[in-house]
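Okay, structure first, notes after.
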Amino acid sequence: MKALFKHPVAQVGAVLVLLSLLTLVTNLPLGRVTQIAIYVLYAGGIALLVGYLGLVPFGGSVFFGLASYAAAISMLRWFGGLNEFVGLAFSLVFTTVVALPVGALILRRKGLYFSLLSLACTQICFEIAYKWTDVTGGENGLQRVPRPVLDSALSFHVFVIVMVLVGLALMWRLVHSPLGRVFQAIRDNEQRASSLGYDVYRVKLAGFTISAAVTGLAGGLLALFMRGVYANPLSWEHAADPLLMTVLGGMHHFIGAMWGAILYIVLEDQLGALLNNWWLVFAPILMLVTLAAPEGIHGLIRRLWGGKGWTLVRSGIPARPDRIVPYAPAADAAFDSTEPVLTVRGLTKAFGPLKVASGYDFDVYPGSLHSFIGPNGAGKTTFFNMLSGVLLPDAGEVRFLGQDITRLPMFRRIRLGLARSFQIVSVFTHLTTFENVRVAVQATQPDSLGVWRDAQSLPACNARTWSILAAVGLADKAGELCSALSHGERRLLEIGITLATQARLLLLDEPLAGLGEADRERVAALISALARTHAVVLIEHDIDRVLALSDRITVLHQGHLIADGKPADVAANPEVVRAYLGTPPETAPVAAARGAAVARPKPLLDARGLAAGYGGGRILDGVDLQVGEGEAVALLGRNGVGKTTLLRALSGELPVDEGSVVWNGQPIQGLRPFEINRLGIGVVPEGRRLFPNLTVIDNLLIAQRKGGMSIDEVFELFPRLAVIRKSRAENISGGERQMVAIARALVAPAKLILLDEPFEGLAPSVVNEVMAAIVKLRGRVAMVLVEHHAEQVLSIVDHAVVLVNGRVAYEGEAGELAADTALQSRLLGLLDPQQGDEAASARPTASAVA
């Protein structure tokens with residue numbers, strides 16, 4: 001019985017029954033409860049679009065109103081001699097049929113355009129209903145709709161309650177089905193869902209039509225309840241009523257629609273009886289509720305009871321098997337190493353005057369690993385986007401397994417046997433780690449869009465999901481939300497998602513970026529194994545591993561293919577060395593200056609005993625960090641130890657559970673991020689987070705404040721930015737984006753800059769440019785640099801801090817850590833976790849290590 005009442009449909013039923021019983025002892029009319037029940041279903045249909053598909057219809061009342069008219073007209077003119085069930089069924093079928101072409105049209109636009117198009121549809125229907133008097137009754141509507149079977153208020157009330165609960169039960173079943181799980185994946189990351197082989201447009205159309213059917217059922221019930229129909233629900237004043245109810249109740253909670261409908265109907269009823277202009281009071285009440293409960297009424301209730309997170313689906317994942325079957329790539333039965341899997345001829349692409357691909361010609365063979373390298377801005381990711389269908393080339397041909405795929409959309413290429421990962425981590429943020437991979441595995445199954453079976457009850461799908469999670473080292477994180485994973489863990493997760501597709505050709509875009517050494521070894525071994533049974537095309541900046549793993553290497557530079565051949569031949573090519581490796585920065589004076597220093601400078605930032613985490617879990621456990629004026633500090637450690645979490649806590653993005661953060665003698669824990677930034681702490685986040693539609697210069701100007709670095713000084717520090725100042729951020733390379741991100745932090749008056757993985761995914765020549773800029777900034781501004789590779793950063797910083805399992809395991813001079821390779825290996829290399837725990841509890845200082 002206890003388990004039954006945990007079911008959301010049972011909870012809705014209990015509330016509706018309780019409201020019905022209240023009509024016996026209070027002045028609450030039974031009809032009002034009937035109306036509330038109908039509006040619960042009405043809002044629930046729109047919640048399916050908003051909460052599960054991420055579509056926001058401003059005109060959500062269109063199918064509600066159409067179904068009302070369909071039920072009324074059919075009962076008055078055609079089915080009056082039968083019964084109301086036939087009229088209700090007709091309204092449901094009519095609404096579904098109309099929803100298909102309407103959805104097919106407006107779903108061709110996204111975001112605000114979709115919202116406005118839905119509103120336009122509602123207004124068109126309102127004009128027709130209001131003026132087509134012969135059919136709709138015009139301003140007076142249609143009255144005296146017969147209800148021959150359920151004539152009494154009580155019998156109709158019971159019927160409505162049953163229909164609402166049946167409708168909600170079917171929706172609950174749907175959202176747990178394979179199709180419903182894909183809805184949620186599309187909501188989180190539409191491009192990633194498409195890259196798994198899902199036809200996103202058709203899936204959204206299916207969701208739109210189902211939503212219309214649910215709201216249509218509610219509209220038909222309303223017409224029978226009122227025994228009439230009017231045009232008001234179709235007017236723009238009421239078009240967003242169901243959206244309002246959904247948001248008020250909690251759009252990320254299945255039963256949020258119920259609370260929203262109750263609040264909306266009760267307030268409308270009570271205020272409407274007291275005031276003519278009741279909206280003048282209603283609107284401020286709604287604003288207060290929204291501000292007090294941003295996750296809606298149900299979210300507020302859960303927070304008061306200690307609950308967290310969304311409740312769109314049931315919590316938990318399938319049980320972990322006692323023995324996880326080791327991951328084994330699906331071998332290609334038609335393996336023929338003499339025939340190319342992928343053939344590219346004359347591939348060309350330009351963005352305005354900038355040519356990023358100039359007539360590429362090459363072949364990729366099965367059972368081989370073909371790597372593409374080159375400096376940032378060479379056009380590697382653009383090239384992958386053309387292969388996978390994200391971008392269409394201007395000219396040329398791409399053939400996969402002998403078939404021309406040059407103009408095919410992404411999902412069709414994926415279904416043919418092609419898969420890819422992305423340079424910037426692309427996962428489903430609000431799904432669990434398990435569900436991220438399971439949705440990808442589901443895409444390979446015959447019933448990938450089933451609407452009845454529970455998606456997590458398929459044994460073969462679950463078993464393969466566990467195998468992949470174990471292969472990438474995330475089996476222990478299977479139940480965690482993706483948003484709680486570290487950057488490195490999300491990178492591993494994306495690799496797991498890519499493996500799940502069982503493709504014949506894998507396009508891996510910087511799969512090692514942001515990973516610690518242990519994970520790099522794991523993923524490199526996995527890629528090497530895949531290359532024995534698949535064709536693998538790899539983009540990677542870890543040149544040592546590229547040379548060790550690859551069967552063939554192609555080098556791109558400034559949109560041109562400058563070298564192609566065996567790894568040893570490419571590595572010895574002088575043009576490749578000049579284009580790719582560049583000239584290392586001058587760091588000797590820095591090391592000398594650091595070696596001469598004895599005492600640390602006056603503290604600027606002093607964090608003591610910091611504890612913080614996500615979703616109730618603790619990532620940081622008593623961390624201390626001090627940064628002096630003009631001092632450069634390296635923050636090192638493996639993936640998941642808390643480096644990014646520490647930066648987020650210092651910058652105010654993450655609340656601090658315990659400890660203190662003092663800035664220039666002023667406590668700042670608890671301040672909001674913009675307040676901390678105005679005090680002089682700038683952040684260069686992982687992923688850069690530029691404004692993609694703005695130019696480089698606009699990205700800088702929007703952040704510039706008095707006291708910060710001038711634009712001319714920025715261009716002197718990063719000369720390349722002066723050349724691309726008018727280019728949009730979405731069209732520049734990863735290295736150039738990193739330069740813009742650093743420059744953006746400098747144009748504000750910052751005394752301390754927190755740099756999260758500033759060298760991630762950058763070619764060596766660009767790394768050298770960024771390092772040279774950091775060298776010039778030393779002494780002028782304090783810096784904390786999060787980095788995986790100690791050897792890359794220790795030569796340009798003064799102090800080093802190493803985290804292990806959320807605690808400080810080392811703190812001391814950078815030079816001492818750089819000289820102690822054994823200590824580096826123990827703290828940063830391939831290390832047994834227990835040893836890491838011991839290292840963390842010991843917390844040696846530099847003097848202790850010495």
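Some observations on this one:
- Index of the failed condition, VAL801 passing every other in (1) within 30 Å of ASP624 (Cα to Cα); (2) aliphatic (A, V, I, L, M); (3) in contact with a Lys or Arg (Cβ under 7 Å, 6 or more places away or on another chain): (3)
- Residue list for the stretch 509-523, filter: open to solvent by 10 Å² or more (accessible area, probe 1.4 Å) and among the aliphatic types (A, V, I, L, M): ALA518
- Cβ-Cβ contacts under 7 Å between residues 6 or more apart (or on different chains), taken from a first residue in the stretch 710-731 that is under 18 Å from GLY559 (Cβ atoms) and in contact (Cβ under 8 Å) with a residue 40 or more places away in the chain to a second residue that is part of a helix (DSSP H, G or I) and of a type in the set (D, E, K, R), are listed as ARG720/GLU736.
- Checking ASP151 against (1) open to solvent by 80 Å² or more (accessible area, probe 1.4 Å); (2) under 26 Å from ARG32 (Cβ atoms); (3) touching a helix residue (DSSP H, G or I) at 6+ places or on another chain (Cβ under 8 Å), the condition it does not meet: (3)
- The stretch 22-38 - residue that is assigned to a helix (DSSP H, G or I) and hydroxyl-bearing (Ser, Thr, Tyr) and, of those, nearest to ILE186 (Cα to Cα): THR34
- A single member of VAL97, VAL166, VAL160 is more than 21 Å from the chain's Cα centre (by Cα), closer than 25 Å to HIS238 by Cα and without any contact (Cβ under 8 Å) to a residue 24 or more places away in the chain, and it is VAL97.
A quick yes/no check of all residues on (1) closer than 22 Å to LEU449 by Cβ; (2) modelled with pLDDT under 95:
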site	(1), (2)
LYS110	yes, yes
THR136	no, yes
HIS157	no, no
LEU170	yes, no
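- Taking (1) open to solvent by 10 Å² or more (accessible area, probe 1.4 Å); (2) modelled with pLDDT of 85 or more; (3) farther than 22 Å from GLY180 by Cα; (4) in a loop (DSSP other than H, G, I, E, B) in turn, VAL451 satisfies each apart from (3).
- Residue within the stretch 779-801 that is modelled with pLDDT under 90, over 23 Å from LEU515 (Cβ atoms), surrounded by fewer than 24 Cβ atoms within 10 Å (Cβ to Cβ) and out of contact with any Phe, Trp or Tyr (no Cβ under 8 Å at 6 or more places or on another chain) present: yes
- Scanning the stretch 616-629 for residues that are modelled with pLDDT under 90 and surrounded by fewer than 24 Cβ atoms within 10 Å (Cβ to Cβ) yields GLY616, GLY617, ARG618, ASP621.
- Among the residues of the stretch 227-272, those identified as of a type in the set (S, T, N, Q) and either open to solvent by 50 Å² or more (accessible area, probe 1.4 Å) or at pLDDT 90 or above (or both) are ASN232, THR246, GLN270.
- Positions within the stretch 530-578 being open to solvent by less than 30 Å² (accessible area, probe 1.4 Å) and among the small types (Gly, Ala, Ser), in sequence order: ALA531, ALA535, SER550, GLY559, ALA563, GLY565
- Those residues of the stretch 172-214 which are polar (S, T, N, Q) and more than 15 Å from the chain's Cα centre (by Cα), in sequence order: SER177, THR209, SER211
- Filter result for the condition that a residue is aromatic (Phe, Trp, Tyr) and over 29 Å from the mean Cα position of the chain (by Cα), over PHE691, PHE715: PHE715
- Taken together, PHE428, PHE434, PHE400, PHE411 contain a single residue that is open to solvent by 10 Å² or more (accessible area, probe 1.4 Å) and in contact (Cβ under 8 Å) with a residue 60 or more places away in the chain, which is PHE411.
- All positions within the stretch 39-61 that are open to solvent by less than 10 Å² (accessible area, probe 1.4 Å) and not in a loop (DSSP other than H, G, I, E, B): VAL40, LEU41, TYR42, ALA43, GLY44, GLY45, ILE46, LEU48, LEU49, GLY51, TYR52, LEU53
- Selection status of ALA563, assigned to a strand (DSSP E or B), over 26 Å from the mean Cα position of the chain (by Cα) and farther than 28 Å from GLN445 by Cβ: yes
- Some residue of the stretch 695-703 being of a type in the set (Gly, Ala, Ser) and more than 26 Å from the chain's Cα centre (by Cα): no
- Taken over the stretch 373-395, the residue count meeting the criterion of being outside any loop (DSSP other than H, G, I, E, B), within 24 Å of HIS534 (Cβ to Cβ) and over 27 Å from the mean Cα position of the chain (by Cα) is 1.
- Residues satisfying the stated conditions in the stretch 105-123, i.e. within 15 Å of LEU234 (Cα to Cα) and open to solvent by 50 Å² or more (accessible area, probe 1.4 Å): LEU116, LEU117, LEU119, GLN123
- SER74 vs. criteria over 41 Å from the mean Cα position of the chain (by Cα) and open to solvent by less than 10 Å² (accessible area, probe 1.4 Å): yes
- Meets criteria (in contact with a Leu (Cβ under 6 Å, 6 or more places away or on another chain) and farther than 25 Å from SER68 by Cβ) for ARG202: no
- Hits in the stretch 653-693 - residues which are among the hydrophobic types (A, V, I, L, M, F, W, C), surrounded by 16 or more Cβ atoms within 10 Å (Cβ to Cβ) and outside any helix (DSSP H, G or I): LEU654, VAL656, VAL661, VAL662, TRP663, ILE668, LEU671, ILE681, VAL683, VAL684, LEU690
- Pairing each residue of the stretch 640-663 that is under 10 Å from ALA611 (Cα atoms) with any residue that is among the small types (Gly, Ala, Ser) and open to solvent by 40 Å² or more (accessible area, probe 1.4 Å), provided the two are 6+ apart or on different chains, yields C-beta distances under 8 Å for PRO655/GLY670; VAL656/GLY670.
- Among residues of the stretch 359-379 that are farther than 16 Å from VAL546 by Cα and without any contact (Cβ under 8 Å) to a residue 24 or more places away in the chain, those with a Cβ under 8 angstrom from a residue that is part of a strand (DSSP E or B) and open to solvent by 10 Å² or more (accessible area, probe 1.4 Å), sequence gap 6+ or separate chain, pair up as ASP363/THR343.
- Restricting the stretch 273-311 to residues that are in a helix (DSSP H, G or I), open to solvent by 50 Å² or more (accessible area, probe 1.4 Å) and among the small types (Gly, Ala, Ser) leaves a set whose member that is nearest to ILE36 (Cα to Cα) is ALA273.
The values are calculated or read from the model by the stated rules, or taken from the named source; none is laboratory data. Only a predicted model underlies this, so the values are computations on that prediction, with no experimental measurement involved. All Cβ positions, even for glycine, are placed from backbone atoms using ideal geometry, and neighbour counts span all protein chains on display. Keep in mind that these areas ignore ligands, DNA and RNA; they rest on the heavy atoms of the full protein, side chains included. Shrake-Rupley method; radii C 1.70, N 1.55, O 1.52, S 1.80 Å.
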